[in-house]
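The values are calculated or read from the model by the stated rules, or taken from the named source; none is laboratory data. The structure displayed is predicted, hence computed values, not measured ones. Neighbour counts are summed over all protein chains in view; Cβ atoms, including those assigned to glycine, are modelled from backbone coordinates with ideal geometry.
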Amino acid sequence: MTDKATTLYGIANCDTVKKTRKFLDALGVEYFFHDYKKAGLESDIAATLIAAVPLESLINKRGTTWRKLTPEQQNNLSLDSAAELIMANPSVVRRPIIRHSKGWIVGYDEAQLQALAP
């Protein structure tokens, strides 16, 4: 049975997400995988991410999705505009993001992931 208290948000074909899933599987961590490229990031999920994770960590400003945004979208990013941006362009969200019983992990960090081991 999957522990839905631990959710991995990402995109299935992302190399970093694949690496994270492999690492978590090797540790025996049970998690629910939310592929936001396929399932999307609806307003409630977007709002939760924005409330929990600072925008500087949440938004991947090095990716191609960010670079394809208009200068106006990039320069006017705020807490108010972030939800709309995320829902319209889910690939702009950094990967992976993990919600677990003690908080959030953004990005691939083996030390933090190791702490999730049962």
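(1) assigned to a helix (DSSP H, G or I); (2) of a type in the set (S, T, Y); (3) at pLDDT 95 or above: which one isn't true of S81, the others all being true?
With (1) assigned to a helix (DSSP H, G or I); (2) of a type in the set (S, T, Y); (3) at pLDDT 95 or above applied to S81, the lone miss is (3).
Inspect all residues belonging to segment 104-112 and state whether any of them is aromatic (F, W, Y) and under 12 Å from the mean Cα position of the chain (by Cα).
Yes - at least one qualifying residue is present in segment 104-112.
Give the number of residues within segment 98-112 that are touching a helix residue (DSSP H, G or I) at 6+ places or on another chain (Cβ under 7 Å) and crowded, with 19+ Cβ neighbours inside 10 Å.
2
Of all residues in segment 18-44 being small (G, A, S) and closer than 15 Å to T7 by Cβ, which is modelled with the highest pLDDT?
It comes out as A39.
What are the residues in segment 58-73 that are loosely packed, with under 14 Cβ neighbours inside 10 Å and assigned to a helix (DSSP H, G or I), if any?
Passing the criteria: T64, R67, K68, P71, E72.
Taking segment 1-50 as the search range and keeping residues that are part of a helix (DSSP H, G or I), among the small types (G, A, S) and touching a helix residue (DSSP H, G or I) at 6+ places or on another chain (Cβ under 9 Å), which one is surrounded by the fewest Cβ atoms within 10 Å (Cβ to Cβ)? Lay out the reasoning, then the answer.
Filtering segment 1-50 for residues part of a helix (DSSP H, G or I) gives 15-27, 43-50.
The next check asks that each one be among the small types (G, A, S); those that pass are 26, 43, 46-47.
Filter once more, keeping what is touching a helix residue (DSSP H, G or I) at 6+ places or on another chain (Cβ under 9 Å): 43, 46-47.
On the way: S43: 11, A46: 22, A47: 15.
Only one residue tops the list, namely S43.
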